[in-house]
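Structure first, commentary second.
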Amino acid sequence: MDTSIQQAIDSMARDLLRAFPPEYWRVTDEARAFPTACFERAAALGTFGILLGEEHGGTNLGPRALARLIRLLHAGGADASPLHAQAVLSGILLRTTVSPRLLALLPELAAGTTRLISVAATEPDAGLDFSTIATTARPDGDRWRLDGRKIYISFADHTDWMIVLTRAEEGPTLFVVPRHSPGLELRPMNMITNRLTALLFFDDVVIDDDLRIGAPGKGLEILARGFVMRRILAACEATGNARFVMDRAVEHARTRATFGRPIGRNQGVQYPLAHAACRVYAAELAIEDSLATMERGEDAHAVSSMARLLAAEAAEDATRAAFTTFGGMALATEAHLERKLRENTVYGFDNLLLGLVAERHLGLPKSL
């Protein structure tokens, strides 16, 4: 990464972490609130235009810059998931043919004056088996009518637009749907993490054809183009979380004394931290390799999956080691460890990624 870009990203991260320290995120988490103030400050700093060209109101600093920013923010105790969603989802509109109406959204997304932070793909009966989605899109002149349900949709009540995967006659089809469309009902779901998750109901929701993304039947193909970047950023969140809890644990191990000596002298404290440090180091190397593979234009599905798997394990190990170091103090919300423990559960669903590594990296048959 160019030194000037790195300095710009580091400055952006410092600005956000100064204004929104761990205590801000603890209070936001406890209130189950959206981090509006942080979102607005990130917009003012240009966070959402990192992947967009100047012609769309962005800075075009690139994927590596966004990955570094997300990792730094999480290493500072933040939860940057809504920030990276806004930055990444706008890229879907650039990876395929869309209408002038959708292209006109890009400068607004870069400026943060409108939000696109939700993807409605998963369903109660289909889960991640997108080939069996039941939400339908029926053509009606120059419009479409959407009917169905979506589940586990993050930030749905705090977005202006959402990307919705449907089943048209031609196959899976994507639309950008206004949050407050008539016939769209939202029911909040109380989850372990503060992703403001919701269940969505589409009851004859009418959408103009110029809100369709790409050709009918190409929805899965379009979504898949963004999977590599989403995995890398999830890995950055996880390793950032690992760095955050490790830094706190190491400082506590150095300064906390019992029986006349620092607890960091005890092997029962040292070794779990050392093991976790190795896991974090390996995960960060895998992230770098994934970014380099993507930049070379090579297939990065397998390596990004491995990076995401390693990062999830690193976050889990680091948090467990931090709990061992802090003991009962780790259970207090003021320690910020239990919040990261809950956040890390998001990264722990690995079966699909393991299947992808087996197929793409090991050359094994596709698993059933």
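The values are calculated or read from the model by the stated rules, or taken from the named source; none is laboratory data. Model, not experiment: these values are computed from the prediction. Cβ: placed from backbone, ideal geometry, glycine included. Neighbour counts: every protein chain shown.
Here are some notes:
- Filtered residue count, region 172-208, keeping only those that are surrounded by 15 or more Cβ atoms within 10 Å (Cβ to Cβ) and under 11 Å from ALA137 (Cα atoms): 7
- Members of region 228-254 that are among the β-branched types (Val, Ile, Thr) and at pLDDT below 95: VAL228
- Verdict on ALA43 being buried (at least 16 other Cβ atoms within 10 Å of the Cβ), of a type in the set (Gly, Ala, Ser) and under 27 Å from ALA283 (Cβ atoms): no
- Test: residue in region 204-220 that is aliphatic (A, V, I, L, M), assigned to a helix (DSSP H, G or I) and within 30 Å of LEU354 (Cα to Cα): yes
- Single residue of region 46-56 satisfying the filter (of a type outside the set (S, T, N, Q) and surrounded by 17 or more Cβ atoms within 10 Å (Cβ to Cβ)) that is nearest to ALA85 (Cα to Cα): PHE48
- Condition check for VAL119 on (1) without any contact (Cβ under 8 Å) to a residue 24 or more places away in the chain; (2) within 17 Å of LEU223 (Cβ to Cβ); (3) of a type in the set (Val, Ile, Thr): one failure, at (1).
- Selection of region 202-227 for residues being farther than 20 Å from LEU102 by Cα and either in contact with a Leu (Cβ under 7 Å, 6 or more places away or on another chain) or at pLDDT below 95 (or both) yields PHE202, PHE227.
- The listed residue being in contact (Cβ under 8 Å) with a residue 24 or more places away in the chain, of a type outside the set (Gly, Ala, Ser), touching a helix residue (DSSP H, G or I) at 6+ places or on another chain (Cβ under 7 Å) and under 30 Å from THR333 (Cα atoms), out of ARG101, ARG64, ARG68: ARG68
- Flag for ALA121 being at pLDDT 95 or above and buried (at least 22 other Cβ atoms within 10 Å of the Cβ): no
- From the list ILE222, ILE213, ILE232, the one residue that fits, being of a type in the set (A, V, I, L, M, F, W, C), farther than 22 Å from LYS150 by Cα and crowded, with 16+ Cβ neighbours inside 10 Å, is ILE232.
- Leading residue by the ranking (farthest from GLY112 (Cα to Cα)) among those in region 1-32 that are in a loop (DSSP other than H, G, I, E, B) and touching a residue at least 12 places away in the same chain (Cβ under 8 Å): MET1
- A residue that is on the phi < 0 side of the Ramachandran plot and within 12 Å of the chain's Cα centre (by Cα) occurs somewhere in region 88-108.
- Boolean, HIS158 is out of contact with any strand residue (DSSP E or B) (no Cβ under 8 Å at 6 or more places or on another chain) and either surrounded by fewer than 20 Cβ atoms within 10 Å (Cβ to Cβ) or in contact (Cβ under 8 Å) with a residue 40 or more places away in the chain (or both): no
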